[in-house]
Amino acid sequence: MKYFQKIENDLLNNRYLSSHEKIIFIICKSFEKAPRGCRVSHKYLMDRTGIRTKKKLIRCLDNLALYGLMSRTQIGRGTNHYVFDKDNMQHYIAQNTAKRRKLSLKKKSQFKSYMKNINDPKVIHIHKVIKDLWTVSVVEKTTLGLSKRTTY
């Protein structure tokens, strides 16, 4: 059983990594020699580091990948597999890039569909109706001689 984890001084003295990123790296590195590799969920990392939001955790994990310290891929619903050797990192990065490209194309097609539907002549633009009603009420009040200090 291993009770200690060796960490390089370069990691500890790195001014570009936040304390959360350093702790996440140390936690993941401690699971590197596990039988199935480092498979840690976001919930586990959030509990161990004190990070409250998933967005912040993902930002920290992205920074670690950006600096080339580790890479990850999602396995199942909530678990991720983290790797630290360069060959597997390149494979995971390519896999994640393809997945993000696919999501981006899906969002673009959804946006095109939305714009097509919004420009349909049957669609009533409610903000234009409200603006027209507000303009009419202001014109009526000014023609009646009411003060402009009234609350709308």
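Quick notes on this structure:
- Being in the same structural domain as residue 22 (by TED's automatic domain parsing), out of contact with any helix residue (DSSP H, G or I) (no Cβ under 6 Å at 6 or more places or on another chain) and either free of Cβ contacts under 8 Å to residues at least 24 places away in the same chain or in a helix (DSSP H, G or I) (or both) is a property that does not hold for residue 124.
- Strands (runs of 3 or more DSSP E) enclosed by segment 1-114 - at least 1 residues per element that are at pLDDT below 85: 71-75, 79-83
- Within segment 46-63, residues that are within 22 Å of residue 89 (Cα to Cα) reach no partner that is modelled with pLDDT of 95 or more and surrounded by fewer than 13 Cβ atoms within 10 Å (Cβ to Cβ) with beta carbons closer than 6 Å at six or more positions or on different chains.
- Entry remark, segment 31-55: residues being among the small types (Gly, Ala, Ser) and surrounded by 12 or more Cβ atoms within 10 Å (Cβ to Cβ) number 2 in total.
- Qualifying residue in segment 2-16 (condition: surrounded by fewer than 11 Cβ atoms within 10 Å (Cβ to Cβ), in contact with a Gly (Cβ under 9 Å, 6 or more places away or on another chain) and not β-branched (Val, Ile, Thr)): no
The values are calculated or read from the model by the stated rules, or taken from the named source; none is laboratory data. Computed from a predicted structure; not experimentally measured. Cβ atoms come from the backbone with ideal geometry, glycine included; neighbour counts cover every protein chain shown.
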